[in-house]
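What follows is a set of notes on a single structure, which appears directly below.
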Ligand SMILES: Cc1ncc(COP(=O)(O)O)c(C=O)c1O
């Protein structure tokens, strides 16, 4: 007999996105609409900076929180893009937004605590919690509300064990961006129940219409607010692994101890390349966002014609399609679509219960793939193929 595994991680489910993606990988020729990463290459000037970093021997450990020169540039970016005033001491870099968020969770959670998570929501949040002996409580952002949070239900879910309220706008998987009044109401809830508020703004620069509001901009003096960002989406740098959190100096210092223990620092080469991303031309960001907007418009038209549109996304690069007509739960629907039509889309069930009759289409796919793949999906829902 071998020693036992930890109950939490051993019994938690794998990500439902990876489950369908792994199956799609085994089927060459599949139209991949399941992927949650930009289909663009990293901009050339960023790649060049990474190559130079190697040649110039910038290959040693850095400060655990990240190079001071990078954090100084992040201070400028946060002021310019997010309206957040901060200092280099109040920023910690981690291995992707995911690593930075996990460090924040570990810095504040104790056994038995509860974390309020959006449903539908990014599955990694719930997967991080069992390591810490904690659990997610899911607040609905239902299709009939255009995937906006149902604030009354959210308030009712708060208990003496609640420790963090997670807000994710622009949202994965729905593309919903929350209006300022909603963000303000969520801050009020966090303040009146003394909760940490983690605002995951990993899609902060991928917004199509209007603008989004950062909780940290609305309540600049509230030390309960922690904001997470990434280079993965804005600069098509998913494989470089760099994200960061900004919060109070005390919170960041504690999260830094977590990062120190499990990653020491983010790859120095990546950090140098990230500085080039921040200081170099920003047209690449605008061009990628314009492409996602065009693709969003294309898919909205196809889904509208097929009467499968739930709501128009205004940020991130995803759109949900209503597949209820086919009469299959989303997971079965996604596998049937893959087997029978050669199209892979993430089932709504991967993101919780509220979108269990929908699938997520990623706009990080070419227009040709979206036209063909979403067309096949629509015909499949209507049983015409
Ligand atoms: C909502 C959300 N937050 C955070 C992340 C983290 O991304 P990364 O770890 O690549 O920075 C992702 C990635 O898909 C995401 O969708």
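The values are calculated or read from the model by the stated rules, or taken from the named source; none is laboratory data. The model shown is predicted, which means the values in this text are computed figures rather than measured ones. Positions of Cβ are generated from backbone atoms using ideal geometry, with glycine treated the same way; all protein chains shown enter the neighbour counts.
For this structure, a couple of remarks:
- Residue identified as within 13 Å of the ligand (Cβ to nearest atom), part of a helix (DSSP H, G or I), at negative phi and under 23 Å from the mean Cα position of the chain (by Cα) among 256, 227, 270: 270
- Residues in the range 363-385 that are within 26 Å of residue 236 (Cβ to Cβ) and in a helix (DSSP H, G or I): 367, 368, 369, 370, 371, 372, 373, 374, 377.
- Among the residues making up the range 110-122, those that are more than 12 Å from residue 166 (Cβ to Cβ) and surrounded by fewer than 23 Cβ atoms within 10 Å (Cβ to Cβ) are 110, 111, 112, 113.
Quick grid of which residues meet (1) at pLDDT below 95; (2) buried (at least 17 other Cβ atoms within 10 Å of the Cβ); (3) within 22 Å of the chain's Cα centre (by Cα):
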| residue | (1), (2), (3) |
| --- | --- |
| 1 | yes, no, no |
| 9 | yes, no, yes |
| 44 | no, no, no |
| 54 | no, no, no |
| 66 | no, yes, yes |
| 71 | no, yes, yes |
| 82 | no, yes, yes |
| 94 | no, yes, yes |
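- Taken over the range 330-362, the residue count meeting the criterion of being within 12 Å of residue 381 (Cα to Cα) and not in a helix (DSSP H, G or I) is 3.
- When 232, 264 are screened for being touching a residue at least 24 places away in the same chain (Cβ under 8 Å), within 16 Å of the ligand (Cβ to nearest atom) and either farther than 15 Å from residue 64 by Cα or outside any helix (DSSP H, G or I) (or both), only 232 passes.
- Residue match in the range 364-385 (condition: touching a helix residue (DSSP H, G or I) at 6+ places or on another chain (Cβ under 8 Å), surrounded by 16 or more Cβ atoms within 10 Å (Cβ to Cβ), farther than 23 Å from residue 26 by Cα and at pLDDT 95 or above): yes
- Filter result for residue 137 (in a strand (DSSP E or B), surrounded by fewer than 20 Cβ atoms within 10 Å (Cβ to Cβ) and more than 15 Å from the ligand (Cβ to nearest atom)): yes
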